[in-house]
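K.L.:
Okay, handing you the structure first.
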Amino acid sequence: MASLADVTPPIALGALDGRYRSAVAPLVDHLSEAALNRTRVHVEVEWLIHLTQEQVVPGVRRLSDDEVRELRAVVVKFGAEDIAELAEIERETVHDVKAVEYFLQRRVDRIAPDDAARLKQLIHFCCTSEDINNLSYALMVQGATREVWLPKARSVVDQLSGMAKDLADIPLLAHTHGQPATPTTMGKEIAVMAHRLGRQLNRVEGQDYLGKLNGATGTYGAHLAAVPGADWQAISRAFVEGLGLTWNPLTTQIESHDWQAELYADVARFNRILHNVCTDFWTYISMGYYAQVRGQGTVGSSTMPHKVNPIRFENAEANLEVSCALLDVLAATLVQSRLQRDLTDSSMQRNVGTALGHSMLALDNVSRGLAGLDAVPARMAEDLDGNWEVLGEPVQSAMRALGAQGVAGMDNPYERLKELTRGRRIGQDDLVAFVKGLDLPAEVEERLAAMTPSTYVGLAPTLVDHLG
């Protein structure tokens, strides 16, 4: 049997780079190994430019505008040939960040040949590998979150919000503990989901992305030894903030990664709420409250032609669970470090793309699943009409209010309604007869007797307005 490992082009081992590639492809530009190297080159280029433009090291000339443009073009044009060249260098160095340094030295030889020997001394100047890596990961995760994951997540929340508004007035029999309960509207229930998810997105949107550049143990030791007269904290802060990050003034060799743990916890919480959305819609579909759009050429079952399975929501559930598992271990592990430094974070951070990828895949499935649903108000109305006993709540509540006002005959309202409704079905006639036998004030009797499960929805239709 031929080995599939020898097939060209290589076959993906994981589902994200194989079967589901199209749904997660935008993350490749931010969180792949190639993106990591490109971002390292970006940080090294900007550090070289910063040092020369600010003339941090005495006697070093400023780069010309053309030289700055050409250096930045190395990042903009970073592609397949550069990836291959870096891989070749790393095979010799057996060190990924050192390979980036040598890669950039070659570019400086071409861009500033007359002064290359001096300028190359400032590539990776006073930096430990983590100075470059922490800034690179902060930029990568920031880009992936803000430019890819958040827009996709926001679009799903907007989709839910639109459904909530469209279905704001559609009565729905609520189920608490799986049992018939006080009616609501489908729109209000969806609005709750959208509101919960939106709160988590606001947290993610407000996340700080921290970075540091302070040397091998966070003391600026090499910096002061090299150029004792420079204000290295100010230089570091200006550089980090110039990259669009938040400066962390106190670290060991590594930036502490606490911000990453905070972010991944928020994304995981969003995932878990979205998982709840999936299980609720799956249940609504099974109850017949939604019909799945047919005629799309899909096969629901390999043997039962009538079936249209809720596969989008089921697929999303599985991917959300994988994503949460990875995000949880990332958040738990990245805040830990032995003394000044160990390499567990290096291996761990390479899984960020996979964690967000499974969340992205889930979002794609949820969006497609929601788009394939048609509400069935008639089926919802059928369940409401079969559960008149839920009106025991408003009747006993009205009796309590009247009793509190001194109206006679309103004693033991809960117990009386329990005797009428618990453990058996009642209909409209049963309820109306009970209400008319209470000797209620005429206005109250008329209001309660006219009430139906479909009209007993309280403020549910207007609560959807809180979505804005």
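K.L.:
Just to be sure, is F239 buried (at least 20 other Cβ atoms within 10 Å of the Cβ), within 30 Å of H195 (Cβ to Cβ), aromatic (F, W, Y) and in contact (Cβ under 8 Å) with a residue 40 or more places away in the chain?
P.N.:
On the way: buried (at least 20 other Cβ atoms within 10 Å of the Cβ): yes; within 30 Å of H195 (Cβ to Cβ): no; aromatic (F, W, Y): yes; in contact (Cβ under 8 Å) with a residue 40 or more places away in the chain: yes.
The answer is no for F239.
K.L.:
Sticking with this one: Kindly list the number of the only condition in (1) at pLDDT 95 or above; (2) over 30 Å from the mean Cα position of the chain (by Cα); (3) not in a helix (DSSP H, G or I); (4) not β-branched (V, I, T) that fails for D114.
P.N.:
(1)
K.L.:
Please find, within the stretch 425-445, the residue that is nearest to M410 (Cα to Cα) out of those that are of a type in the set (D, E, K, R) and loosely packed, with under 12 Cβ neighbours inside 10 Å.
P.N.:
Within the stretch 425-445, the first condition is being of a type in the set (D, E, K, R), and the residues that meet it are 425, 429-430, 436, 439, 443, 445.
Those left that are additionally loosely packed, with under 12 Cβ neighbours inside 10 Å: 425, 429, 439, 443.
Working: R425: 24, D429: 21, D439: 9, E443: 16 Å.
Checked the stretch 425-445; the qualifying residue nearest to M410 (Cα to Cα) is D439.
K.L.:
Out of the residues in the stretch 340-355 meeting the condition of being in a loop (DSSP other than H, G, I, E, B) and modelled with pLDDT of 90 or more, tell me which one is surrounded by the fewest Cβ atoms within 10 Å (Cβ to Cβ). I'd like the intermediate steps shown before the answer.
P.N.:
Applying the first criterion (in a loop (DSSP other than H, G, I, E, B)) to the stretch 340-355 yields 340-343, 350-351.
With the extra rule that they be modelled with pLDDT of 90 or more, the set shrinks to 350-351.
On the way: R350: 14, N351: 16.
Here the answer is R350.
K.L.:
Would you be able to tell me the number of residues in the stretch 363-388 that are in a helix (DSSP H, G or I), touching a residue at least 40 places away in the same chain (Cβ under 8 Å) and either among the acidic types (D, E) or open to solvent by 40 Å² or more (accessible area, probe 1.4 Å) (or both)? Full working, then the answer.
P.N.:
Residues of the stretch 363-388 in a helix (DSSP H, G or I): 363-371, 377-385, 388.
Filter again for touching a residue at least 40 places away in the same chain (Cβ under 8 Å), leaving 363-371, 377, 379-381, 383-385, 388.
Now narrow it down to the ones that are either among the acidic types (D, E) or open to solvent by 40 Å² or more (accessible area, probe 1.4 Å) (or both): 364, 368, 371, 377, 379, 381, 383, 385.
Qualifying residue count for the region: 8.
K.L.:
Okay, next question. For the stretch 83-97, give me each residue that is touching a residue at least 24 places away in the same chain (Cβ under 8 Å) and open to solvent by less than 70 Å² (accessible area, probe 1.4 Å).
P.N.:
Restricting attention to the stretch 83-97, the residues satisfying the condition of being touching a residue at least 24 places away in the same chain (Cβ under 8 Å) are 83, 86, 95-97.
Scanning the stretch 83-97 gives L86, D96, V97.
K.L.:
Of everything in the stretch 155-184, what is open to solvent by less than 50 Å² (accessible area, probe 1.4 Å), under 14 Å from V390 (Cα atoms) and without any contact (Cβ under 8 Å) to a residue 40 or more places away in the chain? Give them in sequence order.
P.N.:
Hit for the stretch 155-184 is A174, nothing else.
K.L.:
Please work out which one of (1) in contact with a helix residue (DSSP H, G or I) (Cβ under 9 Å, 6 or more places away or on another chain); (2) modelled with pLDDT of 90 or more; (3) not aromatic (F, W, Y) is the condition T421 fails and give its number.
P.N.:
Looking at each condition in turn, T421 falls short on (2).
K.L.:
Here's something else I'd like to know. Does the stretch 55-82 hold any residues that are open to solvent by 80 Å² or more (accessible area, probe 1.4 Å), touching a residue at least 24 places away in the same chain (Cβ under 8 Å) and either among the acidic types (D, E) or in a helix (DSSP H, G or I) (or both), and which are they? Give the derivation first.
P.N.:
First pass over the stretch 55-82, keeping only residues open to solvent by 80 Å² or more (accessible area, probe 1.4 Å): 55, 58, 61-62, 65-66, 69-70, 72, 76-77, 80-81.
Filter once more, so that each one left must be touching a residue at least 24 places away in the same chain (Cβ under 8 Å): 58, 61, 70, 72.
Result: E70, R72.
K.L.:
Find the residue count for the stretch 1-35, including only residues that are part of a loop (DSSP other than H, G, I, E, B), within 19 Å of A87 (Cβ to Cβ) and open to solvent by less than 50 Å² (accessible area, probe 1.4 Å).
P.N.:
The total comes to 2.
K.L.:
Another question, if that's okay. Taking the stated definitions as given, is L327 under 22 Å from E255 (Cβ atoms), aliphatic (A, V, I, L, M), surrounded by 13 or more Cβ atoms within 10 Å (Cβ to Cβ) and at pLDDT 95 or above? Talk me through it step by step, then tell me what you get.
P.N.:
Working: under 22 Å from E255 (Cβ atoms): yes; aliphatic (A, V, I, L, M): yes; surrounded by 13 or more Cβ atoms within 10 Å (Cβ to Cβ): yes; at pLDDT 95 or above: yes.
So L327 passes the test.
K.L.:
Looking at the stretch 130-182 only, could you name the residues that are touching an Asp or Glu at 6+ places or on another chain (Cβ under 6 Å) and in a helix (DSSP H, G or I)?
P.N.:
Within the stretch 130-182, N134 is the sole residue that qualifies.
K.L.:
Check M399, M410, M360 and return the single one that is in a loop (DSSP other than H, G, I, E, B), among the hydrophobic types (A, V, I, L, M, F, W, C) and open to solvent by less than 30 Å² (accessible area, probe 1.4 Å).
P.N.:
Details: M399 fails: in a loop (DSSP other than H, G, I, E, B); M360 fails: in a loop (DSSP other than H, G, I, E, B).
M410 is the lone residue from the list that is in a loop (DSSP other than H, G, I, E, B), among the hydrophobic types (A, V, I, L, M, F, W, C) and open to solvent by less than 30 Å² (accessible area, probe 1.4 Å).
K.L.:
Does the stretch 447-468 contain any residue that is aliphatic (A, V, I, L, M), part of a helix (DSSP H, G or I), farther than 30 Å from V157 by Cα and open to solvent by 30 Å² or more (accessible area, probe 1.4 Å)?
P.N.:
Yes - at least one qualifying residue is present in the stretch 447-468.
K.L.:
Report yes if some residue within the stretch 131-138 is touching a residue at least 12 places away in the same chain (Cβ under 8 Å) and farther than 27 Å from T246 by Cα; otherwise report no.
P.N.:
Here is the first cut: in the stretch 131-138, the residues touching a residue at least 12 places away in the same chain (Cβ under 8 Å) are 131-138.
From the residues that got through so far, the ones that are farther than 27 Å from T246 by Cα too are none.
Within the stretch 131-138 (the criterion being touching a residue at least 12 places away in the same chain (Cβ under 8 Å) and farther than 27 Å from T246 by Cα), the answer is no, since none of the residues qualifies.
K.L.:
Also, quick follow-up: Among the residues of the stretch 389-396, are any open to solvent by less than 10 Å² (accessible area, probe 1.4 Å), in contact (Cβ under 8 Å) with a residue 40 or more places away in the chain, out of contact with any strand residue (DSSP E or B) (no Cβ under 8 Å at 6 or more places or on another chain) and assigned to a helix (DSSP H, G or I)?
P.N.:
In the first step, residues of the stretch 389-396 are kept if they are open to solvent by less than 10 Å² (accessible area, probe 1.4 Å); the result is 391-392, 395.
Those still in the list that are in contact (Cβ under 8 Å) with a residue 40 or more places away in the chain too: 391, 395.
Checking which are out of contact with any strand residue (DSSP E or B) (no Cβ under 8 Å at 6 or more places or on another chain) leaves us with 391, 395.
With the extra rule that they be assigned to a helix (DSSP H, G or I), the set shrinks to 391, 395.
Scanning the stretch 389-396 turns up at least one residue that is open to solvent by less than 10 Å² (accessible area, probe 1.4 Å), in contact (Cβ under 8 Å) with a residue 40 or more places away in the chain, out of contact with any strand residue (DSSP E or B) (no Cβ under 8 Å at 6 or more places or on another chain) and assigned to a helix (DSSP H, G or I).
The values are calculated or read from the model by the stated rules, or taken from the named source; none is laboratory data. Small disclaimer: the values here were computed from a predicted structure and weren't measured. Neighbour counts run over all protein chains shown; Cβ positions are idealised from the backbone, glycine included. Only protein heavy atoms, including side chains, enter the accessible area calculation; ligands, DNA and RNA are left aside. Shrake-Rupley method; radii C 1.70, N 1.55, O 1.52, S 1.80 Å.
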